[in-house]
Amino acid sequence: MELNSLKQFLVVARLEHLSRAADELRVAQPSLSRTIARLESELGAPLFDRSGRLRLNDAGRLFRDHVERSLGELDAGRRAVAEAAGHGSGTVRLASETFLTLTGPLAAFKRDHPSVEMELHWSPAEDMARRLRAQDVDLCVASQPIHGEGLESARLFDEAVGVVVPLGHPLASRPSVTVDELAGEPFVTARQGHWLRRLLDRLFAARDLTPRIVCESDEHSAIAGLISAGLGIGLVPAFAARGAAGAPATWIAVDSPDCRRTVTLHWCAGSHLSTAARLMRATLTSWDWIDGEPQDK
């Protein structure tokens, strides 16, 4: 099996669409179809279901996992050799659901290690375990649990999540509110799958309630702006609320022990972490998240 064929298979497996995969790879679709057919012939089993939309089947998912790990090991080998040969200070690849929380330690890392290159990848939490095992990234930061074998983790910080309401809202003068008091309020929140949305849905479901959502957004800065404009209310972690001090809105504690988030750093236990990745891990795990500086200062 040729490496290029395996790389092309991974793109088709990710997109589950031949024409879009061909566009991304900049190859002709008939050529890509033949590549996939040859792989299936060599393996003696179809990798995709072709009834209707193209879908990766069980054999395809199994093969994808092995291909990702194999290509990840090859890439890790190349980077390890480059590091051993002294070709630069290396690169660290960090994935996160949001980088707003990480701006302080990332700036400090760049200041302390200017020759290290940083690759920052936005990633939904559900993709992180696979990306770590495939060595597509070195480290992941998530605000919700990451499930997968062979992963190690370190808790970075835990904080309360409150509700932000616009000034003049009937709840704005309250020091705290209950989830029941939020029932019926219009919510501005993140899309399905994001930790903030999962927290909102979980809090309401525990009380047999359904949140009234008037806006879903991938732009988290837009969420704060829409709340300040009076279009709704929304859950916001304390960290972000501190950074938005002075905005025309009020952060209120939610009277529920479950209304919190734990931010965790993850890496693959069985992979070789480069010097750059180990330096980044040390920066993140030693950071004082309350005062916004390294803990040893």
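Out of all the residues in region 138-164, which are among the acidic types (Asp, Glu) and either touching a residue at least 24 places away in the same chain (Cβ under 8 Å) or touching an Asp or Glu at 6+ places or on another chain (Cβ under 6 Å) (or both)?
Scanning region 138-164 gives ASP138, GLU152, ASP158, GLU159.
Right, ALA172: assigned to a strand (DSSP E or B), within 20 Å of GLY234 (Cβ to Cβ) and over 18 Å from the mean Cα position of the chain (by Cα) or not? It would help to see each step written out before you state the result.
Working: assigned to a strand (DSSP E or B): no; within 20 Å of GLY234 (Cβ to Cβ): yes; over 18 Å from the mean Cα position of the chain (by Cα): yes.
Considered against the rule, which asks whether it is assigned to a strand (DSSP E or B), within 20 Å of GLY234 (Cβ to Cβ) and over 18 Å from the mean Cα position of the chain (by Cα), ALA172 comes out as no.
Does region 60-67 contain any residue that is assigned by TED's automatic domain parsing to the domain that holds ILE290 and aromatic (Phe, Trp, Tyr)?
no
Take ALA134 and decide whether it is under 17 Å from the mean Cα position of the chain (by Cα), surrounded by 19 or more Cβ atoms within 10 Å (Cβ to Cβ) and free of Cβ contacts under 8 Å to residues at least 40 places away in the same chain.
Answer is no for this residue.
Go through region 192-297 and tell me which helices (runs of 4 or more DSSP H), entirely inside it, have 1 or more residues that are of a type outside the set (D, E, K, R), touching a residue at least 12 places away in the same chain (Cβ under 8 Å) and over 30 Å from SER70 (Cα atoms).
Working: elements: 195-205, 220-228, 238-243, 275-285.
By residue number, 195-205, 220-228, 238-243.
Quick test for you: out of LEU94, LEU106, LEU6, pick the one residue that is closer than 30 Å to ILE223 by Cβ, under 26 Å from the mean Cα position of the chain (by Cα) and assigned to a helix (DSSP H, G or I).
Only one candidate passes the filter, namely LEU106.
The values are calculated or read from the model by the stated rules, or taken from the named source; none is laboratory data. No experiment lies behind these values; they were computed from the predicted model shown. Heads up, the Cβs are rebuilt from the backbone with ideal geometry, glycines too, and the neighbour counts pull from every protein chain shown.
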